[in-house]
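To keep things clear, I will list the structure first and then write my remarks on it.
The values are calculated or read from the model by the stated rules, or taken from the named source; none is laboratory data. None of the values given here were measured: they were computed from a predicted structure. Every residue, glycine as well, gets a Cβ built from its backbone with ideal geometry; the counts of neighbours run over all protein chains shown.
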């Protein structure tokens with residue numbers, strides 16, 4: 001199927017602004033629905049405009065839609081009524097037109113998400129209805145100035161909203177996003193440990209609940225502790241066993257240095273090491289002064305949550 005599509009209005013003629021900005025929201029919905037349609041084998045014609053007036057952007061969008069054959073045209077919008085209206089509706093040219101059945105599926109699908117179903121409405125005078133050759137639908141997803149609608153809208157991801165819309169156009173596309181069984185792991189940026197090392201009590205809380213590996217190009221990673229009492233030193237030496245390397249001192253006190261830590265296929269598995277240092281602050285060091293961290297395998301939701309928590313520490317997200 002060849003689908004013409006636009007996010008109603010343009011960057012220079014933005015449309016309604018209520019609790020959310022109509023054009024900014026519809027740009028995102030336009031993007032995700034394009035990704036979904038193309039994933040399932042459809043061709044999407046970008047009919048967006050960047051004109052400065054409503055008339056200009058309507059004309060440019062219709063002109064682009066008519067440049068080639070398309071099976072259906074979708075114009076994605078949000079409604080507005082000074083906070084008085086709520087729900088989802090679609091506009092088509094007239095009763096029994098070729099777009100009517102798809103429009104009915106659209107409002108039915110969106111109402112399944114929790115929006116009030118305002119039904120399919122008809123207006124042959126709207127510019128897109130008059131000017132575009134293909135069957136076309138104006139999709140008013142919900143009211144951008146209705147708190148009731150925005151509360152429903154915010155419950156769903158872009159993918160969930162996108163699949164509900166795409167399923168109405170092509171029933172071979174599922175109503176809900178298919179389960180993502182892909183496994184991911186996060187790789188952090190490189191931490192420079194030239195002077196003091198990586199202070200683990202600061203870093204590791206970000207990875208709470210997830211197994212973490214430390215890596216270095218040299219593969220030679222060790223730990224130095226905070227200053228310790230003689231009693232702490234004797235206990236830690238026993239606990240570390242073969243991992244113990246040396247006790248050092250200066251005018252301020254004593255600390256322990258470990259041997260190089262066991263370095264496996266994934267690096268140094270920190271949970272197996274940190275059990276020895278409960279209640280003790282320590283620093284991670286490497287021969288080449290650079291260390292980064294990889295996580296265990298994560299599902300998509302875990303990966304997104306942790307990525308948002310780590311922010312600028314993230315270097316890359318990798319998948320199996």
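Brief remarks on what is shown
- Considering residues of the range 284-295 that are surrounded by fewer than 18 Cβ atoms within 10 Å (Cβ to Cβ) and touching a strand residue (DSSP E or B) at 6+ places or on another chain (Cβ under 7 Å) only, the residue farthest from residue 214 (Cα to Cα): 289
- Residue-level analysis places residue 109 among those that are in the same structural domain as residue 64 (by the TED database), at pLDDT 95 or above, buried (at least 18 other Cβ atoms within 10 Å of the Cβ) and touching a helix residue (DSSP H, G or I) at 6+ places or on another chain (Cβ under 8 Å).
- Out of 79, 66, 50, 12, sole residue that is in contact (Cβ under 8 Å) with a residue 12 or more places away in the chain, over 17 Å from residue 136 (Cα atoms), crowded, with 16+ Cβ neighbours inside 10 Å and over 23 Å from the mean Cα position of the chain (by Cα): 79
- Whichever residue in the range 193-217 is in contact with a strand residue (DSSP E or B) (Cβ under 7 Å, 6 or more places away or on another chain) and exposed (fewer than 14 other Cβ atoms within 10 Å of the Cβ) and, among such residues, is modelled with the highest pLDDT: 217
- Apart from one condition, residue 6 fits all of (1) on the phi > 0 side of the Ramachandran plot; (2) part of a strand (DSSP E or B); the exception is (1).
- Check on residue 127, crowded, with 19+ Cβ neighbours inside 10 Å and either out of contact with any helix residue (DSSP H, G or I) (no Cβ under 7 Å at 6 or more places or on another chain) or assigned by the TED database to the domain that holds residue 42 (or both): no
- Yes/no for residue 57 being over 27 Å from the mean Cα position of the chain (by Cα), buried (at least 21 other Cβ atoms within 10 Å of the Cβ) and outside any strand (DSSP E or B): yes
- Among the residues of the range 257-283, the one identified as surrounded by fewer than 18 Cβ atoms within 10 Å (Cβ to Cβ) and on the phi > 0 side of the Ramachandran plot is 279.
Conditions tested, residue by residue: (1) touching a strand residue (DSSP E or B) at 6+ places or on another chain (Cβ under 7 Å); (2) surrounded by 23 or more Cβ atoms within 10 Å (Cβ to Cβ); (3) at pLDDT below 95.
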position	(1), (2), (3)
134	yes, no, no
142	yes, yes, no
166	no, yes, no
171	no, no, no
